[in-house]
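Here the structure is laid out as structure tokens; the discussion comes afterwards.
The values are calculated or read from the model by the stated rules, or taken from the named source; none is laboratory data. Because the structure is a prediction, the values reported are computed rather than measured. Using ideal geometry, Cβ is built from the backbone for each residue, glycine included, and neighbour counts are taken over all protein chains shown. Ligands, DNA and RNA are stripped out before the accessible areas are found, and what is left, the full protein with its side chains, is counted by its heavy atoms. Shrake-Rupley method; radii C 1.70, N 1.55, O 1.52, S 1.80 Å.
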Amino acid sequence: MTDSDNTLDHTTTGGATAGDGSAHAAAPRGGPVREEDRAPMGLTIRVFIYLVGVHFIAAFLFLLFYLAGAK
């Protein structure tokens, strides 16, 4: 038995390794952003609206506690 018999095969389907820039590897930094790497615009807008709304509710609750504690 040799050392090559004991090594694991780190190849993916099609013989590409994980770090050779295959289709499943992450996009390089500074490279163009592909459309499938971005969230849909509707989801982005919805998350933004929810975040703003939650902050308004939190600010309102903070104001209520602040005013209630001022008496």
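Data table
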| quantity | calculated |
| --- | --- |
| By accessible area with a 1.4 Å probe, ligands and nucleic acids excluded, highest first: order of Arg46, Arg29 | Arg29, Arg46 |
| Highest-first arrangement of 35-42, 49-56, where packing means the average Cβ count within 10 Å | 49-56, 35-42 |
